[in-house]
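Only one structure is covered here, and it is reproduced in the block below.
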Amino acid sequence: MAKEWTNGFYLSKAWRKTRDAYYTLRRGQCERCMAECLAGVRRLEDVQPGIIVHHKKELTPENINDPRVALSFDNLELLCEDHHNKQHKAKPKRYSFDAAGNIVENKYYK
């Protein structure tokens, strides 16, 4: 969950434009799933869509206004929900929705 001091940033036009451009550049695919696919540990059909543009270097109150950290493609990574949850050690959700709005069970749910 986003911290209160980030609210203005994540609603800003600069962030939305950066996020959307990065998503398009990565063609909507989770970068870590793709890396696993290239390493031979995941099948191409198991690559998940990226849904979260993640900051590799975490934003802080001190760096949130520094575009080299907050808006740089070098500091961004497109992640699926599972990889984002692993990054932040959150418990994955058992169910989610696909692009058509159908309920889908997470096969990686434990």
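The values are calculated or read from the model by the stated rules, or taken from the named source; none is laboratory data. All values derive from a computational prediction rather than experimental measurement. With ideal geometry, Cβ positions are generated from the backbone for all residues, glycine too; neighbour counts draw on all protein chains shown. Side chains are part of the model used for accessible areas, which takes the heavy atoms of the whole protein and leaves out ligands, DNA and RNA. Shrake-Rupley method; radii C 1.70, N 1.55, O 1.52, S 1.80 Å.
Here are a few things to note about the model shown:
- Cleavage-rule hits, chymotrypsin sites (Phe, Trp or Tyr not before Pro), the range 6-110, DSSP coil, Cβ neighbours within 10 Å at most 16: Tyr108, Tyr109
- Residue-normalised accessible area of the chain, expressed per residue, 1.4 Å probe, Å²: 72
- Three semi-axes of the equivalent ellipsoid, the chain, Cα gyration tensor, whole Å, largest first: 26, 16, 14
- Over the chain, dividing the summed -39,500 (n - 2.57) contributions of all DSSP H runs of at least 4 residues by the number of residues returns a 222 nm mean residue ellipticity of -8500 deg cm²/dmol.
- Result for the chain in a Gaussian network model with C-alpha springs under 10 Å: among Glu81, Glu31, Glu58, the largest mean-square fluctuation is at Glu58.
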